[in-house]
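The values are calculated or read from the model by the stated rules, or taken from the named source; none is laboratory data. Source: prediction; values computed, not measured. Here the Cβ positions follow ideal geometry from the backbone for every residue, glycine too, while neighbour counts run over all protein chains shown. Ligands, DNA and RNA are stripped out before the accessible areas are found, and what is left, the full protein with its side chains, is counted by its heavy atoms. Shrake-Rupley method; radii C 1.70, N 1.55, O 1.52, S 1.80 Å.
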Amino acid sequence: EWVEDLRRIHDSGKYLLELINDILDLSKIEAGKMEMHVERFDVCQLVRELSQVLRPLVESKQNHLVIECPAAIGTMQADLIKVRQCLLNLLSNANKFTEQGTVTLRVEITDRVGTEWMLFRVHDTGIGMTPEQVRKLFRPFTQAGDRTSRKYGGTGLGLALTKQFSNMMGGDVTVQSQPGEGSTFTIELPALFAHPEAVLGAVLPTTPSIPRMPRTEQIVLAIDDDPDVHAFLRDVLQPEGYRLAFAFSGAEGLRRAKELMPDLITLDVLMP
């Protein structure tokens, strides 16, 4: 009788845990406290592990996963956990925005002025993006567009973290995309990364604070497109003496937050 409800609770818990971990990572980067754990690892072994994790997700969308990694590509020295997280973010996104198509991970090694670099290319045959969507792609909590975020979900943190981690390891991530023709994300990393202490101070842009107006009443602003959530919060908080305000969209929520300067904001993080 309760299985479906319990499954929703479990899935929501997993999602919130991932969200909290991502926010903690962003906070560490912003504070210059993110640690690097550099080790040497086999690139093909990492790719095999990723393909095993992704294959069930790819099959659930009726997509085809293609792996192109030369057996002789060898090893690289970097933060294995961060490289894995970056690739998993890109592959998961590629699969999310593709249906009955192909997701390809291609690994190459190249020489640049006597230094070896690893190139990880993630290509999909999905919906693609406009130039304007590409321009704002790597900002924290930003997604390609309102319609996209409504349909596909997500928090807009994965790509921001991928960009920051790539920069911290001495590399970068770039994207090429056309609407209706899919996207190609490329992570470029030095094969031998030996100086993590030089990049721990990577800083994310911060939101300027707005001065608070003095007042005695306590206001709670609820931003959610589900009226049942508004009713629930009203039932719980009004008897405790709080003043409730509500917004049904992100734009309305931002406007009301600036007007009211509430003491607390609750929001549906999946809303545009």
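In terms of distances greater than 29 angstrom between alpha carbons, the cross-link table entries 61/258; 14/82; 82/258; 14/61; 33/61; 33/96 yield 61/258; 82/258; 33/61; 33/96. Each Lys and Arg Cβ is given +1 and each Asp and Glu Cβ -1; about its Cα centre, the chain then shows a dipole of about 520 debye. Ligands, DNA and RNA left out, the accessible area of the chain computed with a 1.4 Å probe is 54% carbon and sulfur. Taking a straight line from the alpha carbon of residue 28, not one of the aspartates and glutamates sits under 12 Å away once near neighbours fewer than eight places off in the same chain are left out. Springs between Cα atoms under 10 Å define the GNM used for the chain, and in it the highest mean-square fluctuation of 58, 103, 113 occurs at 113.
Add +1 for every Lys or Arg and -1 for every Asp or Glu among the other residues with Cβ under 14 Å from the Cβ of residue 246, and state the total. So the environment of residue 246 carries a net charge of -4.
In this simple spin-label approximation, residue 7 and residue 115 carry label points 7 Å from Cα along the Cα→Cβ vector, and these lie 5.0 nm apart. Only Cα pairs within less than 10 Å get springs; with that Gaussian network setup on the chain, which residue of 29, 20, 187 has the largest fluctuation? Its mean-square fluctuation being the largest, the pick is 20. Can you tell me which of 192, 91, 24 moves the most in a GNM of the chain? Springs connect C-alpha atoms under 10 Å apart. Comparing 192, 91, 24 in a Gaussian network model of the chain, the most mobile one is 24.
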